[in-house]
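The values are calculated or read from the model by the stated rules, or taken from the named source; none is laboratory data. The model shown is predicted, which means the values in this text are computed figures rather than measured ones. When we count neighbours, we look across all protein chains shown, and the Cβ atoms used for this are built from the backbone with ideal geometry, even at glycine.
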Amino acid sequence: MRLSDYAQLAEDFLFPKRCVFCGKVIRLSEDVCADCAQSAERVTKPVCAFCGLPKTHCDCSKTRHFYDGIAAPFVYNDTVRRGVLLYKNGMNKRAVSYIAREMALCYRQNCPFAAELIACVPLTVREKRRRGFDQNREIAAALAAYLQIPLYEGLCKIYDTPAQKSRGRLYKRGNVAGVFDVIDPEEVRGKRILLTDDVKTSGSTLDECAKMLKLYDAEAVFALSFAIAGQKKPPKEKSKSEPDTAK
Ligand SMILES: [Zn+2]
Ligand SMILES: [Zn+2]
């Protein structure tokens, strides 16, 4: 056994591997416990390529989207929401490799172009300081490493925004209008960009970021998140309130 193997064993003992969605200790060969493997709902086709919702829920005719398409591997149901919150609160940072792997697979299956850059929905400097952990950036960096696509960090957020949960779509669109900018427009000009966020709810944040990238002549922007809200829930999971990470 090599020294690095002993170090790994010690790390596994001190920091055991936990289920991405519920945090329960699992085997090293697993990512998700058996219960969560059942209850974490995957996005199933057919879905609208522009809002990521099933055709029965789609209202794209009323809303203009700046991104060229959107996809996510998971529906934002109770199980997935719990996993996202665990990760977002820094309580299961190892989950990033699973999240990035699932998103990479989803990108390969759904994005109509080969992305040249990966950008993520950014935080302001103050938001970063307050939270201490920028989960979107961590996911985008892991995804960039996995897909071997450069991470673009020039998309920035210039104003803090109040939490958007439980607000209507119009409020959400207004809340994020004009809060993002691109540091060096030359870097995005003519580029095909994969834009990521951990969860897509109304899509207004992703759309505003896509708008800025298009404004600076990005050729195409495909939005990708780990989970997408708003799909039909299975009967047992009805009557839950708005997600905490709504944006
Ligand atoms: Zn679990
Ligand atoms: Zn749609």
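Here are the numbers for this structure:
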| quantity | calculated |
| --- | --- |
| In region 9-47, the residues that are closer than 20 Å to residue 100 by Cα, β-branched (Val, Ile, Thr) and surrounded by 14 or more Cβ atoms within 10 Å (Cβ to Cβ) | 20, 26, 32, 43 |
| Of the criteria (1) over 17 Å from the mean Cα position of the chain (by Cα); (2) in a helix (DSSP H, G or I); (3) closer than 25 Å to residue 187 by Cα, which one residue 160 fails | (2) |
| Selection within region 65-88 - away from ligand 1 (no atom under 16 Å from the Cβ) and farther than 23 Å from residue 118 by Cα | none |
| Residue within region 112-121 that is over 27 Å from residue 219 (Cβ atoms) and either surrounded by fewer than 19 Cβ atoms within 10 Å (Cβ to Cβ) or at pLDDT 95 or above (or both) present | no |
| Qualifying positions in region 129-144 - touching a residue at least 12 places away in the same chain (Cβ under 8 Å), part of a helix (DSSP H, G or I) and of a type outside the set (Val, Ile, Thr) | 135, 136, 137, 138, 140, 142, 143, 144 |
| Identity of the residue in region 40-58, assigned to a loop (DSSP other than H, G, I, E, B) and away from ligand 2 (no atom under 16 Å from the Cβ), that ends up modelled with the lowest pLDDT | 41 |
| Of the criteria (1) under 21 Å from residue 147 (Cα atoms); (2) over 14 Å from the mean Cα position of the chain (by Cα); (3) within 16 Å of ligand 1 (Cβ to nearest atom), which one residue 99 fails | (2) |
| Given (1) touching a Ser or Thr at 6+ places or on another chain (Cβ under 9 Å); (2) away from ligand 1 (no atom under 13 Å from the Cβ), number of the condition residue 48 does not satisfy | (1) |
| Sole residue being within 15 Å of ligand 2 (Cβ to nearest atom) and either more than 27 Å from residue 111 (Cα to Cα) or surrounded by 11 or more Cβ atoms within 10 Å (Cβ to Cβ) (or both), chosen from 98, 87, 67, 6 | 67 |
| Flag for residue 20 being under 20 Å from the mean Cα position of the chain (by Cα), within 16 Å of ligand 1 (Cβ to nearest atom) and part of a loop (DSSP other than H, G, I, E, B) | yes |
| Residue in region 9-31 that is out of contact with any helix residue (DSSP H, G or I) (no Cβ under 6 Å at 6 or more places or on another chain) and within 16 Å of ligand 2 (Cβ to nearest atom) present | no |
| Flag for residue 149 being among the aliphatic types (A, V, I, L, M) and either modelled with pLDDT of 95 or more or not assigned by TED's automatic domain parsing to the domain that holds residue 192 (or both) | yes |
| Count of residues meeting criterion [over 14 Å from residue 193 (Cα atoms) and of a type outside the set (Asp, Glu)] in region 111-140 | 15 |
| Residue within region 66-87 that is in a loop (DSSP other than H, G, I, E, B) and without any contact (Cβ under 8 Å) to a residue 60 or more places away in the chain present | no |
| Residue 37 being among the small types (Gly, Ala, Ser) and either more than 13 Å from ligand 1 (Cβ to nearest atom) or not in a helix (DSSP H, G or I) (or both) | no |
